[in-house]
Amino acid sequence: MRQGFFAATLLASASLATMAQAHERMEVLLAPGPLAADAEQGHLDVTLKLSGVDAAAGQPLLTLPVVIANTATVATTLQNLRAVDAAGEVPLSFKDDPVAIAYARHWIPGRAVKGDLTVSYRAPIDNTPPKRGAGPPYQLRTEGGGLSGVGNTFILIPEGAKPYEISLRWDLSKLPGSAATSSYGDGDVSLRVGPAGRLMSTVFMAGPMHRYPQDAKGGFSAVWLGTPPFDPGPVMDWTQQLHSWMIGFFRDPSEPPYRVFLRYNPINAGGGAALTNSFLTTYGKTGSGEALKGTLAHEMIHTWTAVDGPGQWFGEGNAVFYQALLPLRAGLITPDNYLADINETARRYYSNPLNDTPNDQIAPRFWEDTRVRVLPYDRGAMYFAVLDGLIRKASGGQRSVDDLVIEMVERERRGQTTGEADWLVLLDKELGAAGAKTHAAMLAGGLMLPEADGFGPCFTRTTGKVRRFELGFEPKSLVGDVKTIRDLQPNSEAAKAGLRDGDVVTYGQALDALQGDPEKQLTLQVTRDGKTFPISYLPRAEEVEIYQWKRVPGVPDKACGR
Ligand SMILES: [Zn+2]
């Protein structure tokens, strides 16, 4: 290994042309500290070995987000950070980007660094619920005598776009009886040459792991630590069947490796995140495997439909549109399950007073208001349903929105561009001006309303009533490290329950799910005059009329998946 590296360096210095082709090596050694089965704190020792470093004094060398997707990383808490090259210890200082919704820390050498560099540090693990509130389950946590986390919260990444051949190695000597795995496979693995940034979306897990199936054959496998409040076996069997079915639906010529990482989530149970070859999903203190199916289906769709292609309305919109439709077609849920899913999306979307927020205002306001945050999901899903109806009508039932989504997936596979412009070309081919018009309306915040039969012959549109979601105070009050209630509405349920302006709250519940469930109470832990106590209320305002769908009597179940 080392010989190979020196050979590459010699070649690189021999000619510029060779230098462009040479790549460097990065080794990531993860050594979890000891963890008792019920430990709530621990640590992970990280050692990075980089070849071919060439940085001037003062030139940023390594980086890690401080906050990513509203999640705090170890950037500000890591300990014993050391960097050593052939000339010895490298003094490091750091500089943070301006504080923003997501920002990074950069470590800067006090002198020039050349050649091999070893960087080591200790990443602390702490299960205390994050002060910032809801975010994806990225942070390191301990569970059942093991640990899990996503690279973007604890692996320092070399600055710049240089490609690396990466090897992931584990030292489990302090976790006897354990195994380790990541998005790239079990134990020590080598990754093909590519950007170091891949480590940001890699899930890691080590400890006394449980698996389904015991011996993974195809691409699917599931791992978890500890003891969920349900047996994950049946739901993982369901997920495996859905995975096989989706491989066919998305015409995937390979059987892509697909790994489910299951872990406990104290504040947003059921939340998940799609990551490299994997999805990370979470459960709470109570609950069933059944309740996870929606998330599992949703996250699996992301592995095929490029999340970052045309925009969030595309990735999240089609994931919500398909999250129950594909399991229905696969025979893995009932038409009633499907109906419940579309009605939940419809209820949250049509009762949302901010559902006319233009698309370009969503990103800047994403974390400050749950009613804005859910729009790419809810409006996006209804947009796909509207398009599906238009395409079926225009083609006399020969084509559907599936054809366009699958074409985008195939473009991605062929290495072609998958931007908004590419989507618009497909829409134009299929629908002409009507396609562009629907798309522009969606972006502008126009109401996306599928036809009465927009979800197939089994269902027809109707209306219902629901009390709209209303926190009762300025939603931005819940953003940031210190959350102080502002602009309390005097007649709101919050005011009636005793909440006051100036109350400081620690995070209560995940608001996106709360917004979708008209029966669910919000409990805020409130600090006032030095005392902390809970205030619970139903975060709802006046009743509004919404669109819903209902079953058409007499149409057989078989006709429902279309
Ligand atoms: Zn999603």
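The values are calculated or read from the model by the stated rules, or taken from the named source; none is laboratory data. Predicted model, so just to flag it, every value in this text is computed and none were measured. Cβ sites come from the backbone with ideal geometry, for glycine too, and all protein chains shown count toward neighbours. SASA here: full protein model, heavy atoms, side chains in, ligands and nucleic acids out. Shrake-Rupley method; radii C 1.70, N 1.55, O 1.52, S 1.80 Å.
What to note about this one:
- Within the stretch 153-260, percent of DSSP bridges classed antiparallel, to nearest 5: 80
- DSSP bridge orientation in the stretch 249-350 - percent antiparallel, rounded to nearest 5: 40
- Taking all C-alpha pairs of the stretch 426-546, those more than 22 Å from each other amount to 52 percent.
- Signed unit charges on C-beta, dipole axis of the chain, positive-most listed residue Gly311, Ile247, Ser93: Ser93
- The chain - accessible surface per residue (Å², probe 1.4 Å): 43
- Distance from the stretch 392-413 to the stretch 482-513 (C-alpha centre basis), Å: 45
- For peptides 400-406, 413-419, sequence by mean Cβ density within 10 Å, most packed first: 400-406, 413-419
- Rounded to the nearest 20 debye, dipole of the chain from Cβ charges on Lys, Arg, Asp, Glu: 140
- For the chain, with all protein chains in place and a probe radius of 1.4 Å, 53% of the accessible heavy-atom surface sits on carbon or sulfur.
- Rounded to whole numbers, the Karplus 3J(HN,Hα) couplings from phi for the stretch 348-358 are 5, 6, 6, 9, 7, x, 9, 6, 9, 5, x Hz, using 6.51 cos²θ - 1.76 cosθ + 1.60 with θ = phi - 60°, and x at Gly and Pro.
- For the chain, the longest principal axis of the alpha carbon atoms and the long axis of helix 420-431 meet at an angle near 30°.
- The charge dipole of the stretch 403-560, taken about its Cα centre with unit charges on the Cβ of Lys, Arg, Asp and Glu (plus for the first two, minus for the last two), comes to roughly 420 debye.
- Taking the longest Cα principal axis of the chain as reference, the axis of helix 2-14 is set at about 90 degrees.
- Per-residue Karplus couplings for the stretch 30-36, computed as 6.51 cos²θ - 1.76 cosθ + 1.60 with θ equal to phi - 60°, are listed in order as 10, 10, x, x, x, 9, 6 Hz, Gly and Pro entered as x.
- Given charges at beta-carbon only (K, R positive; D, E negative), |dipole| of the stretch 56-138 in Debye: 120
- If both residues of a DSSP beta bridge must be in the chain, then about 85% of such bridges are antiparallel.
- Between the helical axis of 312-322 and the longest alpha-carbon principal axis of the chain there is an angle of about 60 degrees.
- Of Pro229, Val526, His106, farthest towards positive along the dipole that unit charges on Lys, Arg, Asp, Glu beta carbons give the chain: Val526
- Under 27 Å from Lys476, Cα to Cα: lysines that are on another chain or at least 8 residues apart: Lys131, Lys496, Lys520, Lys531
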